[in-house]
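The values are calculated or read from the model by the stated rules, or taken from the named source; none is laboratory data. Keep in mind it's a predicted model, so treat the numbers as computed, not measured. Reconstructed Cβ throughout: ideal geometry from the backbone, glycine too, with neighbour counts over all protein chains shown. To get the accessible areas, we keep the full protein, side chains included, count just its heavy atoms, and leave off ligands, DNA and RNA. Shrake-Rupley method; radii C 1.70, N 1.55, O 1.52, S 1.80 Å.
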Amino acid sequence: MTDHPVIAVFDLGKTNSKLFVLTAMGKVVAQARTRPVWNDVGDLRVLDDAALFEWVKLSLRAAVCDHGVNSIMFSGHGCTFALVRGEKLIHPILDYEQEPPTDIAGKIDTLIPKYSETFSPALPLGFNYGRHILWLKERNPDLIHEADAILSYPQFWSWKFSGHKVSEVSYLGCHSHLWAPLADDFSSLVTSQGWREKMPELARAGDWIGKYVVELENGTSAEVAVHNGVHDSNAALYYYRSLGFEDFTLVSTGTWIIIFNSSCPLEVLDSRRDMLANVTVDHQPTATIRFMGGREYDVASGGWNNAISVDALISVIAKGIFVLPSFAPGGPAQNQTGRFTGPSVDGEERAGAALLYVALMTDLSLDLIQSTNAIVVDGGLVKTGLYANLLASLRQDQRIYSSENPEGSAFGAAALVYGQVGSNPFSNDTREALPSVIAGLTDYRDAWRAMVESGDPSGRQVDHKELLV
């Protein structure tokens, strides 16, 4: 690899996949994005990996031609894996948002290791991707035997471009049921199922693992160094640590809101509240809680994409409009059904109620994970403008820092590559978020918390499909 990496970071999210081209000085000089396609094939929903591969190849070639890119790095969303043999994918990549049939689920769920071993709460769908591997095994007992490797999602893409199959701990340790954080080893599920031989050798995220030859339009070619990929939220955690944050809580927002607090002891974690131990790129277990906050905001707000004013929030509070969990699977209140209470609202007020809901869910999660240190807010919800300020209003004993850069996972992935040559071109661009002045917010929070914690079923029940209209 080169001592002056110019990096193409492909940040492959569930809903949006993005490219960021960064110079050796850490400056973004180009961006591109696409939406992954998930198709229904028979009774399964699977990724159109060929279409995404073509987009990555074309985007990489343009980045090499226009900006001299010489390194490629992948950051990937969680809960996803690939079964490969030789040079082929032997089964389509599953969408993690699908539940195995009831009879199969009942059988495979008896095989899941104890929470005290994996710190992976038992979750529905494919949120623990070891569960989806077991599902495929039940569908076709020979399938796993035919695979020569089980690859985590970022490692699938690193392999596509380098030809080298490796594993990586931040992804394996992300509520997969496949990793035992305290033992720093694969879990008993991997051993009992005979999958250890399917797990390639571990390599650190960002390590150079091979090269890819880009064929250019003028008939020439260029070699690009391929680096081992990383789990997206763990990449964001690495990024802020690289900026100098040490004792802090990270609130990483996107489709999921994932909250890391390295100061929280693991014994505090409650599997019933979607609390888990993530594992950093350097093998350190880190207390985590999460909920699908970005998805829930989109659903509850009716797809609102405009700014929200403080006046809209004040009106929602004055009218006694509450949004109660949950509008997506998982999270600390996963056995409740998303609903509104109070007068019906639409437009900006509905979006304001949804934003208050996500902020209050974040506040509850921060209490559950015993966050008393500084908080850094990163990711898509920063763009709403008020999210970090709401948290500052709700948690006035803590400093809340909002990142000017909403792409912490991509920048963390780049920081791992820069670190290979002893470079760190990034500087701390966070700013302290000031509390918003919102009359009645404390009482509103207390009333909301009481309803959530009591599981109060009052209020207008709202079907998720109705909310999308």
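Pairing each residue of the range 49-70 that is surrounded by fewer than 18 Cβ atoms within 10 Å (Cβ to Cβ) with any residue that is of a type in the set (D, E, K, R) and in a helix (DSSP H, G or I), provided the two are 6+ apart or on different chains, yields C-beta distances under 8 Å for PHE53/LYS160. If you go through the range 397-433 and keep only what is in contact with a Pro (Cβ under 7 Å, 6 or more places away or on another chain) and at pLDDT 95 or above, you end up with VAL417, TYR418.
The residues of the range 140-174 that are open to solvent by less than 10 Å² (accessible area, probe 1.4 Å), assigned to a loop (DSSP other than H, G, I, E, B) and out of contact with any helix residue (DSSP H, G or I) (no Cβ under 8 Å at 6 or more places or on another chain) amount to a single one, GLY173. In the range 93-125, which residue that is among the charged types (D, E, K, R) and assigned to a loop (DSSP other than H, G, I, E, B) is nearest to GLY13 (Cα to Cα)? Ranking the candidates gives ASP95 first.
Matching residues to (1) modelled with pLDDT of 95 or more; (2) assigned to a helix (DSSP H, G or I); (3) of a type in the set (Phe, Trp, Tyr); (4) open to solvent by less than 10 Å² (accessible area, probe 1.4 Å):
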position	(1), (2), (3), (4)
ASP311	yes, yes, no, no
VAL316	yes, yes, no, yes
VAL323	yes, no, no, yes
PRO329	no, no, no, no
GLN336	no, no, no, no
ARG350	yes, yes, no, no
LEU355	yes, yes, no, yes
VAL358	yes, yes, no, yes
ASP363	yes, yes, no, yes
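Listed by position, the strands (runs of 3 or more DSSP E) inside the range 1-44 whose residues that are open to solvent by less than 30 Å² (accessible area, probe 1.4 Å), closer than 21 Å to VAL421 by Cα and of a type outside the set (Ser, Thr, Tyr) number at least 1 are 7-12, 17-22. Listed by first and then second residue, the pairs linking a residue in the range 218-230 that is open to solvent by 30 Å² or more (accessible area, probe 1.4 Å) to a residue that is among the hydroxyl-bearing types (Ser, Thr, Tyr), with Cβ atoms under 8 Å apart and 6 or more places separating them unless they lie on different chains, are GLU223/TYR212. Residues that are farther than 23 Å from PHE411 by Cα and among the hydrophobic types (A, V, I, L, M, F, W, C) within the range 353-385 comprise ALA353, ALA354, LEU355, LEU356, VAL358, ALA359, LEU360, MET361, LEU364, LEU366, LEU368, ILE369, listed in sequence order.
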